[in-house]
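Reading through the structure tokens given below for one structure.
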Amino acid sequence: MGYRALHRGPKQVLRRLGVECGGDELVNAWRVMERVIELSGEFALARYMAIVVGSGFISSSASPIITDMLSRDLLTCIEKVRVIILRMVEEGRPWREIYGVG
């Protein structure tokens, strides 16, 4: 699963998601995440994106235990986003329709 979607290239995937990107990478990442959240209904992903945005502060201020915990949470989020995007691109429809949620 996902092999064909991966080889379409990032621009085609963004186009299929309906995301316009240009300029600052962090702003682009936030736009993509907003669209994934909108299509998937997985609003918890916004929390993980906020961790990414605040990662500079977190890495300089948090204890190693907190940093490790947030790193594991972030890896879980990245995997979840990967699965959601690949499935939506392959199916050509929103996550909630694919799994009959809502």
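Answer yes if at least one residue in region 89-97 is in contact (Cβ under 8 Å) with a residue 12 or more places away in the chain, within 18 Å of Arg35 (Cα to Cα) and of a type in the set (Asp, Glu), and no otherwise.
The answer is yes, given that some residue of region 89-97 is in contact (Cβ under 8 Å) with a residue 12 or more places away in the chain, within 18 Å of Arg35 (Cα to Cα) and of a type in the set (Asp, Glu).
Restricting attention to region 87-98, does a residue exist that is closer than 19 Å to Phe43 by Cβ, open to solvent by 50 Å² or more (accessible area, probe 1.4 Å), modelled with pLDDT of 80 or more and within 12 Å of the chain's Cα centre (by Cα)?
No, region 87-98 has no match at all.
Name the residues in region 17-44 that are modelled with pLDDT under 80, part of a helix (DSSP H, G or I) and surrounded by 15 or more Cβ atoms within 10 Å (Cβ to Cβ), would you?
Scanning region 17-44 gives Leu17, Asn28, Leu39, Ser40.
Residues being open to solvent by 60 Å² or more (accessible area, probe 1.4 Å) and either modelled with pLDDT of 80 or more or over 23 Å from Cys21 (Cα atoms) (or both): count how many of those fall in region 48-83.
16
Cβ-Cβ distance below 8 Å, separation of 6 or more or different chains: which pairs start in region 32-58 with a residue that is within 17 Å of Pro94 (Cα to Cα) and end on one that is open to solvent by less than 30 Å² (accessible area, probe 1.4 Å) and not in a helix (DSSP H, G or I)?
Val32/Val19; Arg35/Val19
The values are calculated or read from the model by the stated rules, or taken from the named source; none is laboratory data. Worth saying up front: this structure is predicted, and the values here are computed from it rather than measured. Because the Cβ atoms are built from the backbone with ideal geometry, glycine has one as well, and the counts that use them run over all protein chains shown. Accessible surface is based on the protein model in full, side chains and every heavy atom, while ligands, DNA and RNA are left aside. Shrake-Rupley method; radii C 1.70, N 1.55, O 1.52, S 1.80 Å.
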